[in-house]
Structure formats: C-alpha cells, structure tokens
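The values are calculated or read from the model by the stated rules, or taken from the named source; none is laboratory data. Computed from a predicted model, the values in this text were never measured in an experiment. Cβ placement follows ideal geometry from the backbone for every residue including glycine, while neighbour counts extend to all protein chains displayed.
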Amino acid sequence: MNVLFDATWIGSHYKINAMHGGLRVIHELTKRLENSPEIDLFYSSNRYDQDIINNIRLYLEENKYDDFQLNKIANKETERFKKIYKLNCKATKFFKRKFNINFDLNLSHYNKDILTRMDIYHSPLEAIPSEIKHYKNIRRVFTSHDLMPFTRPDLAPPSFFDTLNKAYNSLDKETNIICVSEFTKSELLNYRKDINENMVDVVYLGADKNLFYQNLDELQKQKIFQKYNFKFEKYLLCLNRNQKYKNTAHIINAYINVINDSNYSDLGLVLIGTFENSEEKKVFIEKYSLYKNIHFIEYVPDSELSVFFSNALSFVYMSLYEGFGLPIIEAMQCGSPIISSNQASLPEVVGSFGICINPFDVELLSEKICLLAKDEVLQNNMKEQSLNRSSFFSWEKNLQETVGVYKKIINA
C-alpha cells in the first residue's frame, strides 16, 4: 500500500535537536515502514517551506531511504512553482501592508500525481492539511502522543499548545487515531466527545535494541566516568528536558536528603537533558553548586546511552505527566531498576516491574532510594524485572500493529 507520511517534524528539527523525544519516535517508525515489504513510503511537509523540504531530502539521503528512480517527496519542487510561490508571498505582503487586504492565491504545494496514488496519509504529530481531506482515495491516520496542553495546561510549556492545538483541531470523524497508551486514549475520548472509540487504536512505542541494551563493559564505563569527571561509583540517573512537568527539582531534593545520610554520601546524581533557556540553566547550576556529585549534562551521544543506563543504581523518573514515557522503556531495556512517578501513563508502562510512587512526596522518594542502595538482592531483582518488562515493548511490534491499523481502515 502507498503511505504518505507527514515528515514536517523531521524537516523542522533534523540537524537541530539531538535524536530524542518526538524525533526519535518518528525516525524509528519511518525506518521500519521503509523496510516493510507491505509499504511504499512517501514523505511530505504539511506546509510549504523550502528549508523543511530540503531537510527532509537530506534525512532521506543520509538514512539511505532516497530512491532516485521515484520522487518520494509529495511537495512540488519545480523551479516554476518556487518562483510562483515567491511572487505570491510578495503580493500577499504588499496588499496586506498597503490596503489591509488578505490577498492569497492559496497555491497547492502538493504533487497531485502522487496524492492520487496514496492509500494512507499518516501524521505522527502535526495538523492534517485540509487539502489532504479533499482526496477521497486517502484514509487519514493521526498519532496522539498526549493531550497535556488541554488536560493539564498548568504543566504544559506554551510551545506545546501552539503545535497540538492545530493538530487536534484538524481531526474529524473520518480520522483514524493511534494512541501511544490507554491513558492517552482515555484522555482523547474525554476531550473529544465527537470521536468514535472504534476509530481509535492503542499502539505502544518501543526502544531500539541496537542503542539500548544491557552494557556492563567495564572499560566503556571507565571511559565515561573519566570523560564526565565522575568521582563516585554508584549514581542515580534521570534523562529528560528540564521543564516544569518533568519535576526535576523533586529528584534533586530527594537526592540531597539521601546524601545527608553519611552511608550514602558518595552517591552521584546524573541529570541528562537540556534547559529551557540559559538563564534557567544558570539558576539550577548555581543553586546546587555545593553538591559536587550532581552532574548536569545537556547532551550525551547515542553511543554512550547504554552505558549510562546499564550502570545506574536506578533510573528515576518523577514526571507529572507523560503520554507514554519512552525513557522508561529505554532504561528498562538496559536493565536499569526503575523508580517512577505514579502519574498519567507511567504506571501503565512500568506495571509491577518497578517502583511507582507519589511524585510530590520527597521523603518517600528518599526512602525508596535508600532502600535500593542498601539492598544488593533488591537491585538484582529489579534489574531482572526491568529486562522482563522491556520485552513487552518493541518497534517490531509497533510496526506490525501500525500496518494492521492501515489495513483495517483500507478494508473498512
């Protein structure tokens, strides 16, 4: 079947952000769709932006997806269209500035020949364009990761609302929706009463086995410790962007409680992730500068992640809201014991294979860390539990179920 995949997020973020979060999820899915014998995959941007389209092409070439015998990008790329589009933009600005008139030719930036051959249009994140809805041969699929801007606006960064509001407003009764968890499905159906539950499927995410695996190579561990100047043997690990809903300060405060006990004074805390801005970074680093074993690392190469996860005393994730919580699965696949928040989708993902607790109780988190730190048998049991749980999730299963959704709606 012919699938047109919305690659706007790839084109907007490729070569700008590290391969984490939404970009990693989209990459893992497209990689497997490309290799599926049942799928002929095409790409598009949902808006005309030459930089985005160029980045999509670069992504295809660098990942060896590009087929030079067939145009795989469904946006118009002829020189004639580019010139007309540029003239239209200039005319629009002129009439708006001079006469306050909204002049716009509403040029179609899609290749009509490609659209008429498509069976599925799949948006993994962005709004579904109105033009796509005019093609009766195309069935529409949207992936719903979370609804935080609508259900927990007190936690959501403002940028989340701007993107997701357009996306969810583009959904209609003919849109088939893939949710990444039962929690997200429940939130979606409560938020959008007009959506038919039969049009919604849950397909869990996975973790790349080539990147996330139990890696206890002592030489690699020592290289990491030397590179980042770690002066401890055991450490707690957290990987997330430092945003309000990630609850990072809660983890730090619990850690400080733990190291104030002399039995655990040499325990480290490694926090991997970017800050919202340089000022926030400065405040955090200055606030905790007295604690020599707290390490803030903004970026870690993919090749090092298995070492960080595998050697952690525990992966601690106290997020207040997650549609799925992908780092949990990545950590579990490396055999890291999990101490997680009990909010949103996280209990669904962790199950009974880790510790899920109230993310507002600092003393309770400190207690669980100490319990794990002093009990080697518990550590080993939790490592096994993580490995067992991680086998339930895989990108192979995600691909199979995603293609199953495509087939279901084509045959409906």
If you scan segment 214-241, which residues turn out to be buried (at least 20 other Cβ atoms within 10 Å of the Cβ) and among the polar types (S, T, N, Q)?
-> 240
Could you identify the single residue in 243, 214 that is under 22 Å from residue 338 (Cβ atoms) and touching a Pro at 6+ places or on another chain (Cβ under 9 Å)?
-> 243
Can you tell me which residues in segment 125-149 are among the hydrophobic types (A, V, I, L, M, F, W, C) and either farther than 30 Å from residue 245 by Cβ or touching a residue at least 60 places away in the same chain (Cβ under 8 Å) (or both)?
-> 125, 127, 128, 132, 138, 141, 147, 148
List the helices (runs of 4 or more DSSP H) that sit entirely inside segment 248-357 and contain at least 3 residues that are farther than 19 Å from residue 215 by Cα and more than 19 Å from the chain's Cα centre (by Cα).
-> 248-259, 278-287
Residue by residue through segment 360-383, note down the ones that are of a type in the set (Asp, Glu), without any contact (Cβ under 8 Å) to a residue 40 or more places away in the chain and either in contact with a Ser or Thr (Cβ under 6 Å, 6 or more places away or on another chain) or part of a helix (DSSP H, G or I) (or both).
-> 367, 376
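Residues checked against (1) of a type in the set (Ser, Thr, Tyr); (2) modelled with pLDDT under 90; (3) surrounded by fewer than 14 Cβ atoms within 10 Å (Cβ to Cβ):
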{"position": "55", "(1), (2), (3)": "no, no, no"}
{"position": "67", "(1), (2), (3)": "no, yes, yes"}
{"position": "87", "(1), (2), (3)": "no, yes, yes"}
{"position": "104", "(1), (2), (3)": "no, yes, yes"}
{"position": "113", "(1), (2), (3)": "no, no, yes"}
{"position": "127", "(1), (2), (3)": "no, no, no"}
{"position": "140", "(1), (2), (3)": "no, no, no"}
{"position": "148", "(1), (2), (3)": "no, no, no"}
{"position": "151", "(1), (2), (3)": "yes, no, no"}
For segment 246-262, does any single residue satisfy the condition of being touching a residue at least 12 places away in the same chain (Cβ under 8 Å) and closer than 18 Å to residue 336 by Cα?
-> yes
Residue identified as over 24 Å from the mean Cα position of the chain (by Cα), under 26 Å from residue 328 (Cβ atoms) and at pLDDT 95 or above among 185, 227 = 227
